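Trainee: Got a structure for you, questions after.
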Amino acid sequence: MNSADQPQSGPLHVLRDEIRELAGYAVPPSAGFVKLDAMENPYGLPQELKRRIAALVAAAALNRYPDPSAPDLKAALAKEMALPRGIELLLGNGSDEIIQMLALAAARPGAVLLAPEPSFVMYRILARVCGLRYAGVPLAPDFSLDLKAMQAAIDEHRPALIFLAYPNNPTGNLFDEAAMDEMLGAASGLVVVDEAYHPFARKSFVGRLGSRGNLLVMRTLSKLGLAGLRLGMLAGSRELLAEIDKVRLPYNVGVLTQLVAVEVLRHGDVLDAQAAAIRRERSRLAKALAAIDGTTVFESAANFILFRVGQAARVCAGIKARGVLVKSLDGGHPLLADCVRVSVGTPPQNDLFLAALRESL
Ligand SMILES: *Cc1c(COP(=O)(O)O)cnc(C)c1O
């Protein structure tokens, strides 16, 4: 603490304390590794589609600002998502940016963002960055929603925003639908159902958008296979989105992102087939993991699997030494002690991972 008569010096003193106290989002270098730590789709696009994209990019009007209303892209996404009548979309530079927009719009003095824990870490980070208080409510030991604890936290904090990842990251499970409905009924603020893993779960709250005024559904193209493109979307009522849209930077989704996303969505069967392959590999990988002595595998509706293994940090280091990157979650949350998250890769990548794990035990 600096006393009042001792002025702080140096360029950092102007920054907010909560920013300086924050640990940034760490992305480890991955060159040369089999990358199974970030829930990416391991398959590329077919040559023919790549050629079309190359032609579109070459012809793009890069000297012009993008159309901030992105009508072609929104129409393609609305069709893909089967939005109910009267429900609209807001687009973000990834869904991370949408979380930030929501937090910025809701950041009245004392406002709270609430999420179960463990869940997606950006909820907590962006709450802090945007000046909201963050309330994390522990999940039950089987990673289901602890309804009583959630109810109590809602009564105590009256959260402006509740984020429910469906399925949840990093646990991989879908919360009980009836429990989610109770949250929607109990919340006085907005409830955002984050369906980042929808292609692998194929369960959705989009159908409830017409009848639940406080519900927003968020999706992304990242886990489906376009993580590098950066496109997320938020579905909700026109009235609500019109307000959130005032927070959006006008040109947040670039010309190239719009063009490429529309073209890939026109060939939606390509990514759908890849998602189906990933779902099949998920079952095979889960069975193979469960067959290894000393592992506990948790059921997943996403494109990754969470498992527990003795001395997880040491095991992950062994896996890494054998050229495969996975994510050790040990130490992140008490419920995740000795837990490891692995993305579902191609069959050969998954075999490399399984071999590296067996050798590292
Ligand atoms: C990966 C992930 C996101 C972020 O996705 P982007 O669109 O790439 O920003 C959002 N929510 C959850 C639960 C995720 O796992």
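Each value in this text was obtained by applying a stated rule to the coordinates, not by laboratory testing. Only a predicted model underlies this, so the values are computations on that prediction, with no experimental measurement involved. Note that we place each Cβ from the backbone using ideal geometry, even for glycine, and neighbour counts take in every protein chain shown.
Trainee: If amide hydrogens are placed 1.01 Å from N in the peptide plane, which non-local residues have theirs closer than 5 Å to the one on Ala160?
Mentor: Those lying under 5 Å, H to H, from Ala160 are Val112.
Trainee: If you restrict to DSSP beta bridges whose two residues both lie in the chain, what percentage is antiparallel, to the nearest 5?
Mentor: Of those bridges, close to 50 percent are antiparallel.
Trainee: Another question, if that's okay. List the relative contact order of the chain as a percent without decimals, with contacts defined as Cα pairs under 8 Å and 6+ residues apart.
Mentor: Values: 606 pairs, mean separation 78.8, N = 361.
Once normalised by length, the contact order is 22 percent.
Trainee: Between Glu156 and Ala178, what is the label-to-label distance in nm when each label sits 7 Å out along the Cα-to-Cβ direction?
Mentor: Inter-label distance under the simple model: 2.6 nm.
Trainee: Determine which lysines satisfy two conditions relative to Lys320: a Cα distance under 23 Å, and not lying fewer than 8 residues away in the same chain.
Mentor: By straight Cα distance, Lys320 reaches Lys35, Lys223, Lys287.
Trainee: Moving on to the next point. Tell me which of Ser95, Pro109, Ala127 sits at the most positive position along the dipole axis of the stretch 87-141, charges placed on C-beta atoms (Lys, Arg +1; Asp, Glu -1).
Mentor: So the residue we want is Pro109.
Trainee: Determine the sum of side-chain charges near Ala38: Lys and Arg each +1, Asp and Glu each -1, restricted to other residues whose C-beta is under 15 angstrom from that of Ala38. Provide the component values of the computation, followed by the final result.
Mentor: Working: positive: Lys35, Lys223, Arg230, Lys320, Lys327, Arg341; negative: Asp37, Glu40, Asp96.
Charge balance in the 15 Å sphere: +3.
Trainee: Next question. For the stretch 100-129 and the stretch 50-79, what is the centre-to-centre distance using only Cα atoms, to the nearest Å?
Mentor: One Cα centre to the other: 31 Å.
Trainee: Could you give me the ³J(HN,Hα) list for the stretch 159-165, computed from phi with Karplus coefficients 6.51, -1.76, 1.60 and θ = phi - 60°, whole Hz, x at Gly and Pro?
Mentor: Result, rounded to whole Hz: x, 5, 9, 10, 10, 10, 7.
Trainee: Would you kindly state how much longer the chain becomes between Ile53 and Lys246 on full extension, computed as 0.36 nm times their sequence separation minus their alpha carbon distance, in nm to one decimal?
Mentor: Values: separation 193, 0.36 × 193 = 69.48 nm, distance 3.13 nm.
Gain on extension, Ile53 to Lys246, equals 66.3 nm.
Trainee: Please give the net charge around Asn214, taking every other residue with its beta carbon less than 14 angstrom from that of Asn214, where Lys and Arg add +1 and Asp and Glu add -1.
Mentor: Numbers: positive: Arg158, Arg208, Arg212; negative: Asp181, Glu182, Glu239, Glu243.
Computed value for this residue: -1.
Trainee: Please give me the summed charge of the neighbours of Leu22: other residues whose Cβ is under 13 Å from its Cβ, Lys and Arg +1, Asp and Glu -1. Before the final figure, lay out each step's value.
Mentor: Details: positive: Arg16, Arg20, Arg124, Arg128; negative: Asp17, Glu18, Glu21.
So the surrounding residues net to +1.
Trainee: Pairs of Cα atoms under 8 Å, at least six residues apart: use those to get the relative contact order of the stretch 135-184, whole percent. Walk me through the numbers before you get to the answer.
Mentor: On the way: 29 pairs, mean separation 17.9, N = 50.
The value is 36 percent.
Trainee: Shape of the chain from its Cα gyration tensor (a ≥ b ≥ c, root eigenvalues): rounded if a/c is under 1.5, otherwise prolate when a/b > b/c, or oblate?
Mentor: Numbers: a/c = 1.33, a/b = 1.06, b/c = 1.25.
In terms of gyration-tensor shape, rounded.
Trainee: With a cut-off of 20 Å, note down the residues of the stretch 250-271 whose backbone N falls inside the zone around a label point 7 Å from the Cα of Ala61 toward its beta carbon.
Mentor: Taking a point 7 Å out along Cα→Cβ of Ala61, the residues of the stretch 250-271 whose backbone N falls under 20 Å are 250-263.
Trainee: Sticking with this structure for a sec: Run the numbers on the stretch 213-361 and let me know its relative contact order in percent, using alpha-carbon pairs under 8 Å that are six or more apart.
Mentor: Values: 164 pairs, mean separation 24.5, N = 149.
Once normalised by length, the contact order is 16 percent.
Trainee: For the chain, what does -39500 (n - 2.57) per DSSP helix run (n ≥ 4), summed and divided by total residues, give at 222 nm, in deg cm²/dmol to the nearest 500?
Mentor: On the way: 13 runs with 140 residues, N = 361.
That calculation yields -11500 deg cm²/dmol at 222 nm.
Trainee: Taking the Cα centre of each part, how many Å lie between the stretch 197-265 and the stretch 144-186?
Mentor: The distance from the Cα centre of the stretch 197-265 to that of the stretch 144-186 comes to 21 Å.
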